[in-house]
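Taken together, the values in this text are just the output of simple stated rules run on the coordinates, not laboratory data. The shown structure was predicted, so the numbers you read here are calculated from the model rather than taken from an experiment. All Cβ positions, glycine included, derive from the backbone under ideal geometry; neighbour counts span all protein chains shown.
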Amino acid sequence: MDLYPLRFQPLLVPKPWGGGKIAGLGRDLPGGPRGSETPIGESWELVDLPGRSSIVANGALAGRSLHALIAADAAALLGDVRPTAEGGFPLLVKYLDARENLSIQVHPDAAYAAANPGVRSKTEALYVLEAEPGAVVYRGIKPGVSPQQLQRDALTGTIADDLIATPVKAGQCLFLPGGTCHAYGAGIFGVEIQTPGDTTFRLYDWGRTDRELHLDEALACINFEVGANDFARAERRTHVAGVFATMSKVCTCEAFTIEKVRMVEQYGQEIPYDRPAVWVVLKGSGVITGSPAGIDVEFNRGDVLLLPACLHDARVLIREDTVWLDIQFPRVGTDILLA
């Protein structure tokens, strides 16, 4: 199967805390910029969960699902990166618009998922595109807070006082491994990169009463020990600068790496991949040529592209100063097991 850089149809997800900023990326929101009765909180740009797989939007493969492409030729698309247990793509990428606070929640880690059939683990990172003054991410539990206190405060509505509030700003990347009690605060617009799990246990929903809470399950899988050192290791930045391009690594974990790439207008270079990569275009425009299918793919701000592993002779040409997130799989991650 001849492949090329793939763009997918966005899957818009209503959320009670959502806003209208996703429309600014060229996504058509139902019912206007705020959506209908329930505003849009997320745009899933790349997903391959059971029963929910991204549909190709460009080129000769338009209309095919990502899951079907992997089933047809996993080697061309993934190289030596293993698919999930269901044969899916091992990352999920979404835009997220938090007009209001998200619920205080936890996603299971791999150990909890392995011991509980039907539960999927989730490790994620949030790259902040915009943050209103005073915006915070609640991440990790303050030292000395016991499970009993956390449970009591969840029931009384004071649980936010038990969490560490981290001020955030545009350009920041925050790592949240599975088992981390957390919540994105109001006023954050960003890109979420995650392993393909969708299990969320909510402890508190800021007075909203129309969604289920899962206090027992959440308390059973929260890692009370995860903290600043774990976050700092993943978020340690490295920077390589050149005349025409700079690369800044902003997050590294066993499941993925995230690098921020800047290239100047009219610069071009080879991008010979033997493993898949995902590009999230933050600024500018360009074109990728030299795919096995002979299809040139243009990209602009807001686009999310999956670059298959088989792009051995591809090149990128930058038409105007461009910035994107380059998401890849670490070499050491070839044998990662995703529950």
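Per-residue ellipticity at 222 nm computed for the chain from its helices equals -3000 deg cm²/dmol, with DSSP H segments shorter than 4 residues left out and the rest contributing -39,500 (n - 2.57).
Given axes a ≥ b ≥ c from the Cα gyration tensor, I'd like to know whether the range 1-151 is rounded (a/c under 1.5), prolate (a/b larger than b/c) or oblate.
Numbers: a/c = 2.36, a/b = 1.25, b/c = 1.88.
Oblate is the answer for the range 1-151, as a/c is 1.5 or above yet b/c matches or exceeds a/b.
Note on the chain: Kirkwood hydrodynamic radius from all Cα pairs is 20.6 Å, rounded to one decimal. Diffusion coefficient of the range 235-329 by Stokes-Einstein, Kirkwood radius over Cα pairs, 37 °C, 0.692 mPa s: 243 µm²/s. Stretched out straight at 0.36 nm per residue, the stretch from residue 155 to residue 285 would grow longer than its current Cα-Cα span by 41.9 nm. Over all other residues within a Cβ to Cβ distance under 13 Å of residue 159, the charged ones net out to -1, with Lys and Arg as +1 and Asp and Glu as -1. Residue exposure proxy: 238, 195, ordered by other Cβ atoms within 10 angstrom of their Cβ from fewest to most, comes out as 238, 195.
Between residue 315 and residue 73, what's the calculated FRET efficiency when r is the beta-carbon distance and R0 is 30 Å? Round to 0.05. Efficiency for this residue pair is about 0.85. Nearest 10 degrees is fine. How inclined is helix 147-156 to the longest principal axis of the chain, computing both from alpha carbons? Long axis of 147-156 versus the principal axis of the chain: about 80 degrees.
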